[in-house]
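Below is one structure; the comments refer to it alone.
Read the figures in this text as sums done on the coordinates, not as results from a lab. Keep in mind it's a predicted model, so treat the numbers as computed, not measured. Cβ atoms come from the backbone with ideal geometry, glycine included; neighbour counts cover every protein chain shown.
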Amino acid sequence: MIALIRSRDFTKASQVAAFMGIVPIERTSGTSVFKRPRISRRGDPALRGKLFMPVVAAITHNPVVQKFYRKLLDQKKHQRAAMTAAMRKLVHICFGVLKNQQAFSPTM
């Protein structure tokens, strides 16, 4: 993750998430056709695959990500969609830690 974030000149965490292809994208056609939102998948699939086990560990042990994941499941989101949203949350946390050069604190 350090190598990925430092390899390019990212200024925001959303840019890193977009680079990895884990941002939601809505498909609409005019005013009548609304399709289910999906992830963009524009990034490297190997990077997204490498985030799977860390997000499983974060859902189990990180209180911030765990609370976020549970909230999405309580809102009747699909498990895979909630996991992808937790992936994005984890990328945002990693970017914040690397940008601010401070240890992660759930109170911030």
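If amide hydrogens are placed 1.01 Å from N in the peptide plane, which non-local residues have theirs closer than 5 Å to the one on G43? Distant-sequence amide H within range of G43: G21.
For I25, the amide hydrogen comes within under 5 Å of the amide hydrogens of R38, I39, S40, counting only partners 5 or more places away or on other chains and with H modelled in the peptide plane. The residues neighbouring A13, those whose beta-carbon lies less than 11 Å from its own, together hold a net charge of +4 under the Lys/Arg +1, Asp/Glu -1 convention.
Modelled spin labels at I25 and R8, positioned 7 Å past Cα toward Cβ, are 1.4 nm from each other.
Using just the helices of the chain, give the 222 nm mean residue ellipticity in deg cm²/dmol: DSSP H runs with n ≥ 4 each add -39,500 (n - 2.57), and the total is spread over all residues, rounded to 500. Before the final figure, lay out the partial values.
Details: 6 runs with 64 residues, N = 108.
One gets -18000 deg cm²/dmol as the mean residue ellipticity at 222 nm.
Please check which bits of the range 7-27 a label hung off N100 would reach, taking the label as a point 7 Å along Cα-to-C-beta and the cut-off as backbone N under 14 Å. Answer for this model: 13. Taking the 0 to 90 degree range and rounding to the nearest ten, how far is the long axis of helix 63-74 tilted relative to the main principal axis of the chain, both from C-alpha atoms? Between helix and principal axis, roughly 10 degrees. With Cα atoms defining each centre, the range 74-106 and the range 1-64 are spaced 10 Å apart in the structure.
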